Amino acid sequence: MDRVKKHTKQVVVGIVGGFIVLVGIVAIPYPGPGWLIVFSGLAILSIEFEWAKRILHFGRDKYEAWKNWITRQNSVVQGTVLSVTCAVVVMTLWLFNAYGYMNHWLGLGQEWMASPIPWF
C-alpha cells in the first residue's frame, strides 16, 4: 500500500507542478510574476523529482545572472529588451483574440483586430 501512496503522490505532484510551470511559462512576457510562477511549479515538482530540483537551481542562477546583466546595460539595450517584450505581449494578445473580444464588446467594428487564428 505504501508503494501505491508514493506513486499516487508522484503523479499528483507531477500534474500540479507541471501545470503551474506551464502557466508560468505563458505568463513570463506579461507584467506580473511569470518567473515566480515557474519557480513555484519547479519547487513543487522538486518535492518528488530530483531533476526538477536541478532545473530549479539552474533556473534561479540563470535568472539572477540575466537580471544582473540587464541592469548593467545601457539604456539602448534595456529599451530594446523592453520593446521586444512589449511586442511579444501585443502579438500574443492579438493571436489569442483579446483585441477581437474588446472590439466585439465595445462595438468598434474593426475587423483587423480579430485574431487570424480561426479557432479564436
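Of all residues in segment 111-120, those being over 22 Å from Ile25 (Cα atoms) and surrounded by 12 or more Cβ atoms within 10 Å (Cβ to Cβ) number 2.
Scan segment 1-36 residue by residue and report those that are open to solvent by less than 50 Å² (accessible area, probe 1.4 Å) and farther than 20 Å from Val81 by Cβ. Please lay out each step first, then the result.
Looking only at segment 1-36, we keep the residues that are open to solvent by less than 50 Å² (accessible area, probe 1.4 Å), and these are 13-14, 17-18, 20-21, 24, 27, 29, 34.
Listed by number, the residues that qualify are Val13, Gly14, Gly17, Gly18, Ile20, Val21.
Identify all residues within segment 52-104 that are of a type in the set (Val, Ile, Thr) and farther than 28 Å from Ile20 by Cβ; write none if there are none. Val76, Val77, Thr80 - these are the residues of segment 52-104 that are of a type in the set (Val, Ile, Thr) and farther than 28 Å from Ile20 by Cβ. One residue stands out among those in segment 63-100 that are modelled with pLDDT of 95 or more, open to solvent by less than 60 Å² (accessible area, probe 1.4 Å) and more than 22 Å from Pro33 (Cα to Cα): the one that is nearest to the chain's Cα centre (by Cα), which is Val77. Selection of first residues in segment 102-119 that are on the phi < 0 side of the Ramachandran plot and of second residues that are part of a loop (DSSP other than H, G, I, E, B) and among the hydrophobic types (A, V, I, L, M, F, W, C), restricted to Cβ pairs under 9 Å at least 6 apart or on distinct chains, gives the following pairs, ordered by first then second residue: Met102/Leu108; Asn103/Ala114; His104/Ala114; Ala114/Phe120; Ser115/Phe96; Ile117/Phe96.
For segment 8-96, the helices (runs of 4 or more DSSP H) that sit wholly inside it and include 3 or more residues that are among the aromatic types (Phe, Trp, Tyr) and farther than 30 Å from Ala114 by Cβ are 50-72.
Condition check for Asn103 on (1) open to solvent by less than 60 Å² (accessible area, probe 1.4 Å); (2) under 17 Å from the mean Cα position of the chain (by Cα): one failure, at (2).
The values are calculated or read from the model by the stated rules, or taken from the named source; none is laboratory data. Because the structure is a prediction, the values reported are computed rather than measured. In this analysis, Cβ positions are derived from the backbone assuming ideal geometry, glycine residues included, and neighbour counts consider all displayed protein chains. Side chains are part of the model used for accessible areas, which takes the heavy atoms of the whole protein and leaves out ligands, DNA and RNA. Shrake-Rupley method; radii C 1.70, N 1.55, O 1.52, S 1.80 Å.
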